[in-house]
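Participant: I'd like to ask you about the structure that follows.
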Amino acid sequence: MLCQECGKRPASLHFSKIVNGDKSEYHLCETCAREKGELIPGTSGGFSIHNLLSGLLNFETVEQGKRAASPENLRCEVCGMTYSQFSKLGRFGCSSCYKYFNDRLDPLFKRVHGNTVHTGKVPVRVGGEIRTKRQIEDLKRRLQESISQEEFEAAAQLRDQIRELERQISE
Amino acid sequence: MSAIRFTEQPLSHWMKTTGAESEIVISSRVRIARNLQEHPFPLLATNRHLEEVQDELKEVLGDPRLEVYGEIHPIELSALDELNKKMLVEKHLISPNLANESRNGAVFISDDESLSIMVNEEDHLRIQCLYPGFQLKEAWEKATAVDDIFEDHVNFAFDDRRGYLTSCPTNVGTGLRASVMMHLPALVLTQQINRILSAVSQIGLTVRGIYGEGSEAMGNLFQISNQITLGQNEAEIIDNLRSVVLQIIGHEKTARERLLSESRLRVTDRVMRSFGILSYAAMIDSKEAAQRLSDVRLGIDLGLIEGITPQCLNELMVLTQPGFLYNNYEGSMEPGEMDTFRARLIREKLGKGLK
Ligand SMILES: [Zn+2]
Ligand SMILES: [Zn+2]
């Protein structure tokens, strides 16, 4: 069976969702299930996190999903919160829940924030290397800008800074 | 340390000064949510864990770099009676959630009340900075500086990909919620408000009444805040909100000018009627009081009423809420007496405000 979203990849995830007694079935490839999670009918509209959670995450598996663990078995091994508890409460139990539920979080974050990856502040203590990598990304953006504006002296300086930081990381 | 010093005076220090655009922007607030790596989030944490969280965070108050913010007073929620809790909520120094549902909750409040640090609310740590007027950047700079100091002492739950890990998925990433409280009577009067608010909510911002989710906007006060915390950095979040607030200020100003030029008499009539009712009413409920106070504030801003300061109105906004009303009332309170007392208090204050 092909994925009903893209029609190209084989459908590996099969869901049924019951909304007010109406049962709908979904056959999606993993990529589409993740990326277009928010397009599944019945999940749009309403700002409540609880709507989102039950809409996006509370679907049951009809055929055994081979790749993803079924929600009943999914559990944070540090605090003991199960995935179905999480989807009812809309709250994580501890910071490790993020790791154990990771595979299922992208569609949720995509829907709530439109993004899945943090780009902001990084704690100094844990983030030495992350911080430097962000700095390098930022310098590279500015380097491209300088080149496009033909400010080559500034560009040369930026290039040196980038090299220095990259050297620090590789050490 | 008791909370009495913070509930004795209805006006926080910050409310006595005025910030930029203070005719339209009442206050700017920034809140940062953080959790300690080693403990479960408050929802699941044992009392023992929560005690340890409180102790670890309280110790940070000894850092000399915090001295620039004045003395910071740690208060345990369990040491407060219900009334004092309610009054701290009415002053926005703690959240209703911390007052009602926290276990081992505490709040650290700075002398001038512009900094309040909540412990064991939904997250282990919530750093809040509250400034008068339109001072989002200032509030952010202070909050992040305080965050840096805490970061030096404790291990925050942080993930390279997801950022700061929070109890609720809606706060993950930056953990940053920035909000601006705006008084928008002219946009309400000219019926443009819904169009503007729906546009705002389509670009990743939310609009709420002054007491957070579920409450309607009383007295034409609207709180506008960012909804997205993941995938935008802090500067982007603050800049987005800033530029939207600036646009709304522009719309409100235009609407006020239009009111003055096209229906000066009708606006004057409305404003003076409200002023009259507040000055002479024998009973008034909280909803009407909020609406009339909004009219009077507009009257002052438009130069139609003289002799009353905006600070006097800020004070009334806090004083006319149930906790503060009750606290100021001597003797037993019969049904309906709250409205009588509210009316008397407003009459007195406005009398004082008049030359
Ligand atoms: Zn597909
Ligand atoms: Zn957990």
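The values are calculated or read from the model by the stated rules, or taken from the named source; none is laboratory data. Computed from a predicted structure; not experimentally measured. For neighbour counting, all protein chains shown are included, and Cβ atoms are generated from backbone atoms with ideal geometry for every residue, glycine included.
Participant: Tally time: how many residues in region B:41-72 are within 16 Å of ligand 2 (Cβ to nearest atom) and of a type in the set (Phe, Trp, Tyr)?
Facilitator: So the answer is 1.
Participant: While we're looking at this one, here's another question. Please enumerate the residues belonging to region B:23-40 that are within 16 Å of ligand 2 (Cβ to nearest atom) and in a loop (DSSP other than H, G, I, E, B). Working first, answer last.
Facilitator: Initially, region B:23-40 is screened for residues within 16 Å of ligand 2 (Cβ to nearest atom), giving B:35-40.
Those that are within 16 Å of ligand 2 (Cβ to nearest atom) and in a loop (DSSP other than H, G, I, E, B): B:35, B:37, B:38, B:39, B:40.
Participant: Let me ask something additional. Residue check: is residue B:98 more than 16 Å from ligand 2 (Cβ to nearest atom), over 30 Å from residue A:99 (Cα atoms) and not aromatic (Phe, Trp, Tyr)?
Facilitator: Numbers: more than 16 Å from ligand 2 (Cβ to nearest atom): yes; over 30 Å from residue A:99 (Cα atoms): no; not aromatic (Phe, Trp, Tyr): yes.
Spelling it out, it is not the case that residue B:98 is more than 16 Å from ligand 2 (Cβ to nearest atom), over 30 Å from residue A:99 (Cα atoms) and not aromatic (Phe, Trp, Tyr).
Participant: Only one of (1) crowded, with 19+ Cβ neighbours inside 10 Å; (2) touching a Lys or Arg at 6+ places or on another chain (Cβ under 8 Å) is not met by residue B:241, so which one is it?
Facilitator: If we test residue B:241 against (1) crowded, with 19+ Cβ neighbours inside 10 Å; (2) touching a Lys or Arg at 6+ places or on another chain (Cβ under 8 Å), just (2) comes out false.
Participant: Filter region B:214-237 down to residues that are in contact with a helix residue (DSSP H, G or I) (Cβ under 6 Å, 6 or more places away or on another chain) and away from chain A (no Cβ under 12 Å) and give me whichever is modelled with the lowest pLDDT. Talk me through it step by step, then tell me what you get.
Facilitator: Kept after step one, since they are in contact with a helix residue (DSSP H, G or I) (Cβ under 6 Å, 6 or more places away or on another chain), are these residues of region B:214-237: B:218-220, B:226, B:228, B:230-231.
Pick out the ones that are also away from chain A (no Cβ under 12 Å) and you get B:218-220.
Details: B:218: 76, B:219: 85, B:220: 89.
Within region B:214-237, the match that is modelled with the lowest pLDDT is B:218.
Participant: Also, I was wondering about something else. Specify which of the listed residues (A:87, A:96, A:48, A:44) is modelled with pLDDT under 90, within 16 Å of ligand 2 (Cβ to nearest atom) and either farther than 27 Å from residue B:237 by Cβ or not basic (Lys, Arg) (or both). Working first, answer last.
Facilitator: Numbers: A:96 fails: modelled with pLDDT under 90; A:48 fails: within 16 Å of ligand 2 (Cβ to nearest atom); A:44 fails: within 16 Å of ligand 2 (Cβ to nearest atom).
Going through A:87, A:96, A:48, A:44 in turn, just one is modelled with pLDDT under 90, within 16 Å of ligand 2 (Cβ to nearest atom) and either farther than 27 Å from residue B:237 by Cβ or not basic (Lys, Arg) (or both): A:87.
Participant: Does at least one position in region B:308-315 carry a residue that is more than 14 Å from every other protein chain (Cβ to nearest Cβ) and of a type in the set (Val, Ile, Thr)? Let's see the steps before the verdict.
Facilitator: Here is the first cut: in region B:308-315, the ones more than 14 Å from every other protein chain (Cβ to nearest Cβ) are B:308-315.
Imposing the further condition that a residue be of a type in the set (Val, Ile, Thr) reduces the set to B:308-309.
Looking through region B:308-315, at least one residue is more than 14 Å from every other protein chain (Cβ to nearest Cβ) and of a type in the set (Val, Ile, Thr).
Participant: Here's something else I'd like to know. Checking the structure you have, find out if any residue of region B:302-314 is modelled with pLDDT under 80, crowded, with 21+ Cβ neighbours inside 10 Å and of a type in the set (S, T, N, Q).
Facilitator: No - not one qualifying residue is present in region B:302-314.
Participant: In addition: For region A:125-135, check the following and say yes or no: at least one residue is loosely packed, with under 13 Cβ neighbours inside 10 Å, away from ligand 1 (no atom under 16 Å from the Cβ) and either touching a residue at least 60 places away in the same chain (Cβ under 8 Å) or aromatic (Phe, Trp, Tyr) (or both).
Facilitator: Checking region A:125-135: not a single residue is loosely packed, with under 13 Cβ neighbours inside 10 Å, away from ligand 1 (no atom under 16 Å from the Cβ) and either touching a residue at least 60 places away in the same chain (Cβ under 8 Å) or aromatic (Phe, Trp, Tyr) (or both).
Participant: Another question, if that's okay. Tell me which of these residue B:177 doesn't satisfy, since it passes every other one: (1) touching a helix residue (DSSP H, G or I) at 6+ places or on another chain (Cβ under 8 Å); (2) in contact (Cβ under 8 Å) with a residue 60 or more places away in the chain.
Facilitator: Result: residue B:177 passes all but (1).
Here's the yes/no breakdown for (1) more than 14 Å from residue B:34 (Cβ to Cβ); (2) in contact with a helix residue (DSSP H, G or I) (Cβ under 6 Å, 6 or more places away or on another chain); (3) free of Cβ contacts under 8 Å to residues at least 12 places away in the same chain:
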{"position": "B:71", "(1), (2), (3)": "yes, no, no"}
{"position": "B:117", "(1), (2), (3)": "no, no, no"}
{"position": "B:134", "(1), (2), (3)": "yes, no, no"}
{"position": "B:139", "(1), (2), (3)": "yes, no, no"}
{"position": "B:146", "(1), (2), (3)": "no, no, no"}
{"position": "B:160", "(1), (2), (3)": "yes, yes, yes"}
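Participant: Go through region B:37-56 and count every residue that is at pLDDT 95 or above and within 9 Å of chain A (Cβ to nearest Cβ).
Facilitator: 3
Participant: So, one more: Select from region B:226-238 the residues that are surrounded by fewer than 19 Cβ atoms within 10 Å (Cβ to Cβ) and under 23 Å from residue B:193 (Cα atoms) and list them in ascending order. Explain how you work it out, then say what you get.
Facilitator: Of region B:226-238, the ones surrounded by fewer than 19 Cβ atoms within 10 Å (Cβ to Cβ) are B:227, B:233, B:235-236.
Scanning region B:226-238 gives a single hit, B:227.
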